[in-house]
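Values in this text are rule-based calculations from the coordinates and carry no lab data. All of these numbers come straight from a predicted model, not from anything done at the bench. Here the Cβ positions follow ideal geometry from the backbone for every residue, glycine too, while neighbour counts run over all protein chains shown.
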Amino acid sequence: MVGAGPAGSAAAVHLARAGVDVMLLEKSGFPREKVCGDGLTPRAVHQLVRLGIDIDAPGWMRNKGMRWVCGGHRAELDWPRLGAFPDFGLTRSRHDFDDLLATHATATGARLRTNVKVTGPLTDRAGQVIGVTASHGPGAEPVRYLAPLVVAADGASARTALGLGLERDAKRPVAAAARRYYRSAARTHDPYLELWADLRCPRTGLDLPGYGWVFPMGDGRVNVGLGALPQQRRRRPVDLRAALDHWLPRLPEEWDVNEGSADSPLRSAPLPMGLNRRPQYRRGLLLVGDSAGMVSPWSGEGIAQAMEAAEVAAEIIALALARPAGPRREHALHHYPAEIQRRWARYYRLGNVAGDLLFSRFGYRPLLHPRVMASPHLLRVLARLLTHVSDEPAQDTIDAVLHSLLRLVPVPRR
Ligand SMILES: Cc1cc2nc3c(=O)[nH]c(=O)nc-3n(C[C@H](O)[C@H](O)[C@H](O)COP(=O)(O)OP(=O)(O)OC[C@H]3O[C@@H](n4cnc5c(N)ncnc54)[C@H](O)[C@@H]3O)c2cc1C
């Protein structure tokens with residue numbers, strides 16, 4: 001397993017539980033920072049419960065839903081009451097979250113090696129992946145790890161996938177996001193994840209092709225940030241720092257979100273989205289999470305998606321390893337991209353279209369039209385669409401409408 005972020009640690013837990021001998025290689029040491037909004041929707045909570053993480057322990061901050069702010073209107077969208085998903089979300093700093101998940105993976109039986117930077121896949125003469133090359137420790141000593149299968153969970157850099165020639169789809173835009181922590185007694189216990197959809201890019205005067213967020217951390221801080229697609233009309237990345245500086249003075253003064261209350265530097269990172277790297281399996285290497293561009297093009301959320309794909313990959317690996325090495329095992333492993341396609345391709349494809357036609361041009365403003373903001377029913381549809389939570393089979397009209405909509409989307413060829 002290359003990388004001990006949510007994708008790698010979740011896959012390690014599921015594999016170790018299935019009795020597979022698994023080694024997690026991580027270039028950093030824990031705990032460590034990861035640039036993120038730290039927001040977990042019910043989809044992510046669902047995965048944490050499946051992993052056996054104690055979400056009632058101290059340190060988790062629960063939320064009831066999202067609050068969207070746009071054009072002088074604000075609307076609270078409670079997480080839906082569904083059979084398949086919890087009706088609450090969470091926040092937890094990635095500093096704690098990733099450490100907790102990696103520790104859980106080791107407690108489940110996985111072996112974790114930190115300060116090991118994987119430099120590429122190791123292949124045999126036939127081009128089959130048989131392990132990885134890496135460098136270890138401050139002296140960067142070269143090391144090799146042999147394994148019958150390798151999972152690339154190394155995030156947006158996707159170094160391992162690139163080493164096997166798996167380039168990202170250049171037609172798919174890569175969004176960028178930036179975040180900063182502020183101390184805000186007024187907002188740290190907000191029961192909602194707050195999102196602003198009417199932000200502007202000060203340099204161009206155009207709408208931000210994304211949104212801003214203020215997420216309560218429950219520890220005296222808020223996580224404030226912006227995520228944006230490249231500006232469609234200019235084909236240039238947005239200046240996130242300038243957009244943040246332009247936005248913050250609009251926040252109520254009593255929130256105390258300003259330079260004086262900043263608790264960290266502003267940091268940014270890419271958001272590889274829309275399933276932009278495929279196939280997700282090739283010659284002994286499986287891609288999971290950001291390394292496969294699994295961030296949702298609807299919301300910019302990537303943690304739940306990484307953990308879900310990790311569970312699917314782990315199940316397929318465990319089944320494949322029960323077969324002898326060779327064509328029969330390969331056949332089982334090729335089921336992984338097929339399963340990703342079956343579960344999520346339509347949702348991502350529709351999201352990619354929405355990204356191209358809507359978000360990259362006008363941001364989220366059209367979705368949050370005053371009529372939508374005033375309609376509790378439409379807001380409920382929007383909450384499920386943006387975060388991909390619904391019951392399957394459908395339990396109510398909203399689920400039925402969303403499933404019918406997705407069924408109309410042609411499945412892309414692999
Ligand atoms: C500013 C910002 C805000 C975001 N907000 C949210 C949010 O609120 N909610 C949400 O769900 N998603 C959010 N995302 C997306 C989310 O952070 C990612 O989708 C998620 O972290 C993907 O998990 P991963 O395990 O695939 O990759 P990562 O979390 O990037 O983990 C990859 C791991 O691999 C390690 N690694 C990398 N290269 C190597 C190597 N060569 N050798 C060994 N180890 C290596 C890294 O150190 C890291 O630990 C945000 C992203 C950004 C940039």
| request: Calculate, in nm to one decimal, what ALA394 and GLU254 gain on full extension: separation in residues at 0.36 nm each, minus their alpha carbon distance. | output: 46.1 nm
| query | At what distance in nm do the modelled label points of LYS64 and ALA318 sit from each other, each positioned 7 Å from its Cα along Cα→Cβ? | reply | 3.8
| With a 10 Å Cβ neighbour count serving as the proxy for reagent exposure, in which order, fewest first, do VAL409, VAL22 appear? | VAL409, VAL22
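So for each of 47-57, 3-13, 29-39 I average, over its residues, the number of other beta carbons within 10 Å; can you give me the resulting order with the highest mean first? Write down the numbers at each step before the final one.
Working: 47-57: 15.2, 3-13: 30.7, 29-39: 18.2.
Highest to lowest by the protection proxy: 3-13, 29-39, 47-57.
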| task | For a quick protection proxy, order the peptides 146-154, 212-220 by their average other-Cβ count within 10 Å, most packed first. | result | 146-154, 212-220
| said: Need one word for the range 103-151: rounded, prolate or oblate. Basis is the Cα gyration tensor (sqrt eigenvalues a ≥ b ≥ c); a/c below 1.5 gives rounded, then a/b vs b/c decides. | reply: oblate
| task | Within the range 252-317, report the trypsin sites (Lys or Arg not before Pro) that DSSP leaves as loop and that have at most 10 other Cβ atoms within 10 Å. | result | none
| query | Tell me which lysines have Cα within less than 24 Å of LYS117's Cα, excluding those fewer than 8 residues away on the same chain? | reply | LYS27, LYS34
| task | Please report the relative contact order for the range 174-271, taking Cα pairs under 8 Å with a sequence separation of at least 6, and give it as a percent rounded to a whole number. | result | 42
| query | For the chain, modelled as a GNM with alpha-carbon contacts under 10 angstrom, which of LEU319, LEU195, LEU285 fluctuates the most? | reply | LEU319
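Would you mind calculating the gained length between ASP169 and ALA186 on full extension (0.36 nm times residue separation, minus the Cα-Cα distance), in nm to one decimal?
Working: separation 17, 0.36 × 17 = 6.12 nm, distance 4.30 nm.
So the chain would gain 1.8 nm between ASP169 and ALA186.
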| Where labels lie 7 Å past Cα in the beta-carbon direction, separation of ARG236 and ASP87 in nm | 4.8
| field | Using a Förster distance of 22 Å, the FRET efficiency for SER28-ASP263 (Cβ separation, nearest 0.05) | value | 0.55
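Counting helices only, and only those DSSP H runs with n ≥ 4, report the 222 nm mean residue ellipticity of the chain as the sum of -39,500 (n - 2.57) divided by its residues, in deg cm²/dmol to the nearest 500.
Helices in the chain give a 222 nm mean residue ellipticity of -9000 deg cm²/dmol.
Taking loop as defined by DSSP and a crowding limit of 15 other beta carbons within 10 Å, which trypsin sites (Lys or Arg not before Pro) in the range 202-260 fit? Let's see the in-between values first.
Details: sites: ARG203, ARG221, ARG233, ARG234, ARG235, ARG241, ARG250; in loops: ARG203, ARG233, ARG234, ARG235.
Answer by residue number: ARG203, ARG233, ARG234, ARG235.
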| field | the chain shape via C-alpha gyration tensor axes, a/c threshold 1.5 | value | prolate
| So what are the ³J(HN,Hα) numbers for the range 335-343, from phi and the Karplus equation (6.51, -1.76, 1.60; θ = phi - 60°), rounded to whole Hz, Gly and Pro as x? | 5, 4, x, 5, 6, 4, 4, 4, 7
| message | If you fit an axis through the alpha-carbon atoms of helix 94-108 and take the longest principal axis of the Cα set of the chain, what angle between them do you get, 0 to 90°, nearest 10? | response | 30
| task | Could you work out the relative contact order of the chain, using alpha carbon pairs under 8 angstrom and six or more residues apart, expressed as a whole percent? | result | 20
| request: Hand me the trypsin sites (Lys or Arg not before Pro) from the range 117-196 located in a DSSP loop with no more than 11 other Cβ atoms within 10 Å, in residue order please. | output: ARG125, LYS171
| query | For TYR211, which sequence-distant residues (separation of 5 or more, or a different chain) have an amide H within less than 5 Å of its own amide H, given hydrogens modelled in the peptide plane? | reply | GLY227
| note | Phi-derived 3J(HN,Hα) across the range 128-134 with the Karplus relation (6.51, -1.76, 1.60, θ = phi - 60°), rounded Hz, x for Gly and Pro, is 7, 6, 10, x, 9, 9, 8
